[in-house]
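Let me give you the structure first, and then I'll get to my questions.
The values are calculated or read from the model by the stated rules, or taken from the named source; none is laboratory data. Just so it is clear, the model here is predicted, and its values are computed rather than measured. For neighbour counting, all protein chains shown are included, and Cβ atoms are generated from backbone atoms with ideal geometry for every residue, glycine included. For accessibility, only protein heavy atoms count, side chains too; no ligands or nucleic acids. Shrake-Rupley method; radii C 1.70, N 1.55, O 1.52, S 1.80 Å.
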Amino acid sequence: MSTTPSGTDLTAPRREGRHRKPVHLGAHFPGVNSTTVWRDPRAGSQTDFSSFAHMARTAERGLMDFFFLAEGLRLREHRGRIVDLDVVGRPDTLPVLNALAAVTTHLGLAGTLNTTFNEPFELARQLATLDHLSGGRAAWNVVTSSDAFTGENFRRGGYLAHEDRYARAREVVTAVRGWWDSWADDALVADPAAGTFVRGDRVSEVTPRGEHVRARARGLLPRSPQGHPVLFQAGDSPQGRETAAALADAVFTVHGTLEAGQAFTADVKGRLAAHGRRPEDLKVLPGATFVLGDTPADALERARETRFLQVGPEQAVAHVEALWGRELPGLDPDGPLPASDPDPAATVTRGRVQHTTDPVATARRWRQLQAEHGWSVRELVVEVTQRQQFVGTPEQVAAEVDLYVQADACDGFILIPSLTPTGLDEFVDRVVPLLQERGAHRTAYEGPTLRHHLGLPVPAARTVDGEAADGEQR
């Protein structure tokens, strides 16, 4: 479990006032993977709108920047069967976020939508609609996929070689932004006396002609109060980092230590100058879980109980089989790992994001950990699958969250509670007030749009010929 970073003094003097970096917070609706304790009797529905509404309202009560909703495009399978230990049955992202726009007033609304399988003009239209209905609070988490299994759901198969998926993503995002920005700020007139609603000469035609995207169209909607939706990008590979530096407003990432966060942030923000951008133009927001307790020992015990609810015996075995690429009959979750090595070319799990590039090397590292700590298969999986996690009293967690931001390890966190839909309540009630006391979190929303919340510039409008106007609006 992650507690405070080794050697870090969380009692160091606070930087009070306006010069203190703000801690940006988002709320991730859980359930896409094993972060959710769905076996808990307090767990609610993954489908009922009341669950989404409860968490969004809680996030807004905590003055958080945004609500984040991931999506999956195909049910995962393991050994040819649905992975029913994952939480499945999630409604479509955009209808949920559009509905949440009606029950919130300031909270940003971020959704994951895939560039590999979706058409760019449809993405532009759908996300611009959300941005207008919410009054400038929409965000798009741009993701890619090289998974042919998921691609089987789509008309053309959707398969792209790994090296091509970021090339398509950049073309898709460039085209979508072109349509979002194709209306000049003075295009919408609505002048009854003149009989003019839209100045057609102020709406540009955008004609992407890349290898992956070819189209000819004008955007269907004028620019929103925030210019256009905020762009999130998820990905830690060199291509992902470069794409984020070129196009994204925020990066959804994962790093487990203060030092790793500082290295990632320095690297990705160090790439911005080559694209004519400043460090403050990109927010680094890793996902993080949290467990609170009345005492440090209480928090550690609660964290252990939570992790073993998240990773049951069946999940532990399935996780090892996924790495080994084959069924492992008789594998004891309370016993050791298999003596044989994985088959790098084989697969037994489909539809899950695979982060391992060398399964043989990973298996050897796991065996070393087992030998050093005496862990069972299940205990090992619990340890190697946990994300950056804040475990402690509310005071400890507030101090550590603040530390990461002030030490330039990130700009904030996307919080992933373990319980649906009430898991965020405790953080808002017990940690947010302490962050406010430290001068690290707002006490009121200062603007209506998500770009206001994140401190991001409004993108410049386009001229009639489709070129960006000089400069950026604040």
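Does region 65-185 come out rounded, prolate or oblate, given a ≥ b ≥ c as the square roots of the eigenvalues of its C-alpha gyration tensor, rounded meaning a/c under 1.5 and, failing that, prolate meaning a/b above b/c?
Numbers: a/c = 2.65, a/b = 1.29, b/c = 2.05.
Judged from the Cα gyration tensor, region 65-185 comes out oblate (a/c at least 1.5, b/c at or above a/b).
Out of 349, 303, 320, whose Cα points farthest toward the positive end of the dipole of the chain (charges: +1 Lys, Arg; -1 Asp, Glu; placed on Cβ)?
Farthest along the dipole direction, towards plus: 349.
Okay, moving on. Counting only protein heavy atoms, what percent of the accessible surface of the chain is carbon or sulfur at a 1.4 Å probe?
Looking at the chain in its full context, I get 51 percent from C and S.
Projected onto the charge dipole of region 250-294 (+1 at Lys/Arg Cβ, -1 at Asp/Glu Cβ, origin at the Cα centre), which of 264, 290, 275 gives the Cα projection farthest towards the positive end?
So the residue furthest toward the plus end is 275.
For residue 218 and residue 190, what does the FRET efficiency come to when R0 = 22 Å and r is the distance between their Cβ atoms, rounded to the nearest 0.05?
Numbers: r = 18 Å, r/R0 = 0.81.
It comes to 0.80.
Moving on. As a test question: what accessible area, to the nearest 10 Å², does residue 416 have when a 1.4 Å probe is rolled over all protein chains in place?
Counting only protein heavy atoms, the figure is 10 Å².
In the chain, with Lys and Arg counted as +1 and Asp and Glu as -1 at Cβ, which of these residues, 45, 392, 244, has the Cα nearest the positive end of the dipole, that is, farthest along it?
244
In degrees between 0 and 90, to the nearest 10, how far off the longest principal axis of the chain does helix 120-133 point, with axes built from Cα atoms?
So the inclination is approximately 80 degrees.
Quote to one decimal, in nm, the extra length available between residue 42 and residue 429 on full extension: 0.36 nm per residue of separation minus the C-alpha distance between them. Please list the in-between numbers first.
On the way: separation 387, 0.36 × 387 = 139.32 nm, distance 1.81 nm.
Here the segment from residue 42 to residue 429 would lengthen by 137.5 nm.
First select every other residue whose beta carbon is under 12 angstrom from the beta carbon of residue 328; then total the charges, Lys and Arg +1, Asp and Glu -1. Please list the in-between numbers first.
Values: positive: 79, 326; negative: 321, 327, 332, 343.
Every neighbour counted, the sum reads -2.
Now a separate question. Quick one: helix 394-406 against the long Cα principal axis of the chain, what's the angle to the nearest 10°, folded into 0 to 90?
Orientation of helix 394-406: about 50 degrees from the principal axis.
Follow-up question, since we're still on this one. In what order, largest first, do 264, 308 sit by accessible area if the probe radius is 1.4 Å?
On the way: 264 10, 308 45 Å².
Listed by decreasing accessible area, they come as 308, 264.
Provide the FRET efficiency to the nearest 0.05 for the residue 395-residue 199 pair, computing r from the beta carbons and using R0 = 60 Å.
Values: r = 57 Å, r/R0 = 0.95.
It comes out at approximately 0.55.
Rank these residues by their accessible area, most exposed first, probe 1.4 Å: 253, 347. Write out the running numbers ahead of the final one.
On the way: 253 5, 347 95 Å².
Putting 253, 347 in descending order of accessible area: 347, 253.
Would you kindly work out the equivalent ellipsoid of region 376-445 from its C-alpha gyration tensor and give its semi-axes, the square roots of five times the eigenvalues, largest first in whole Å?
25, 16, 11
Here's something else I'd like to know. Rounded to the nearest 10 degrees, what's the angle between the helix 49-61 long axis and the longest principal axis of the chain, both from Cα atoms, 0 to 90?
Roughly 80 degrees, rounded to the nearest 10.
For residue 40, what accessible area in Å² do you get when you roll a 1.4 Å probe over the heavy atoms of the protein chains, rounding to the nearest 10?
Rounded to the nearest 10, that gives 30 Å².
In Å², what does the accessible area per residue of the chain work out to with a 1.4 Å probe? Before the final figure, lay out the partial values.
Values: 20710 Å² over 474 residues.
Here the residues of the chain average 44 Å² of exposed surface.
Can you tell me the length gained on complete extension of the stretch residue 437 to residue 161, counting 0.36 nm per residue apart and subtracting the Cα distance? Can you show the working numbers first?
Working: separation 276, 0.36 × 276 = 99.36 nm, distance 4.96 nm.
Full extension from residue 437 to residue 161 adds 94.4 nm.
Any idea what diffusion coefficient the chain gets from Stokes-Einstein, in µm²/s, Kirkwood Rh on alpha carbon pairs, 25 °C, 0.890 mPa s?
Details: Rh = 23.6 Å.
Answer, rounded: 104 µm²/s.
Another question, then. To the nearest 20 Debye, how big is the dipole of the chain about its Cα centre, given +1 on the beta carbon of each Lys and Arg and -1 on that of each Asp and Glu?
Numbers: 52 positive and 62 negative charges, 158 e Å.
Dipole of the chain, to the nearest 20 debye: 760 debye.
Hey, another quick one. What FRET efficiency do you get for residue 327 and residue 369 if R0 is 22 Å and r is their Cβ-Cβ distance, rounded to the nearest 0.05? Walk me through the numbers before you get to the answer.
Values: r = 23 Å, r/R0 = 1.06.
Once rounded, the FRET efficiency stands at 0.40.
Okay, moving on. To the nearest 10 square angstrom, what accessible area does residue 90 show with a 1.4 Å probe?
60 Å²
Can you compute the charge dipole magnitude of region 290-391 about its Cα centre, using +1 on each Lys and Arg Cβ and -1 on each Asp and Glu Cβ, nothing else charged? Give it in debye, rounded to the nearest 20.
320 debye
A follow-up question, please. Going by the alpha-carbon gyration tensor, a ≥ b ≥ c the square roots of its eigenvalues, is region 183-249 rounded (a/c under 1.5) or, if a/c is not under 1.5, prolate (a/b greater than b/c) versus oblate? The partial results should precede the final answer.
On the way: a/c = 4.82, a/b = 2.08, b/c = 2.32.
Note, shape of region 183-249 comes out oblate.
Using a 7 Å offset from the Cα along the Cα-to-Cβ direction at both residue 422 and residue 300, what is the distance between the two label points in nm, to one decimal?
2.8 nm
Give, rounded to the nearest 20 debye, the magnitude of the charge dipole that region 200-280 has about its Cα centre when Lys and Arg contribute +1 at Cβ and Asp and Glu contribute -1 at Cβ.
Numbers: 11 positive and 9 negative charges, 86 e Å.
Dipole about the Cα centre, nearest 20: 420 debye.
Here is a further query. In region 189-271, which trypsin sites (Lys or Arg not before Pro) fall in coil by DSSP and have 13 or fewer other Cβ atoms within 10 Å?
Details: sites: 199, 202, 209, 214, 216, 218, 223, 241, 269, 271; in loops: 199, 216, 223, 271.
Listed in order of number, the matching sites are 216.
OK, next. Using just the helices of the chain, give the 222 nm mean residue ellipticity in deg cm²/dmol: DSSP H runs with n ≥ 4 each add -39,500 (n - 2.57), and the total is spread over all residues, rounded to 500.
Working: 15 runs with 163 residues, N = 474.
Calculated at 222 nm, the ellipticity per residue is -10500 deg cm²/dmol.
How high is the relative contact order of region 256-395? Use alpha-carbon pairs under 8 Å, at least six apart in sequence, and give a whole percent.
Working: 145 pairs, mean separation 50.3, N = 140.
The value is 36 percent.
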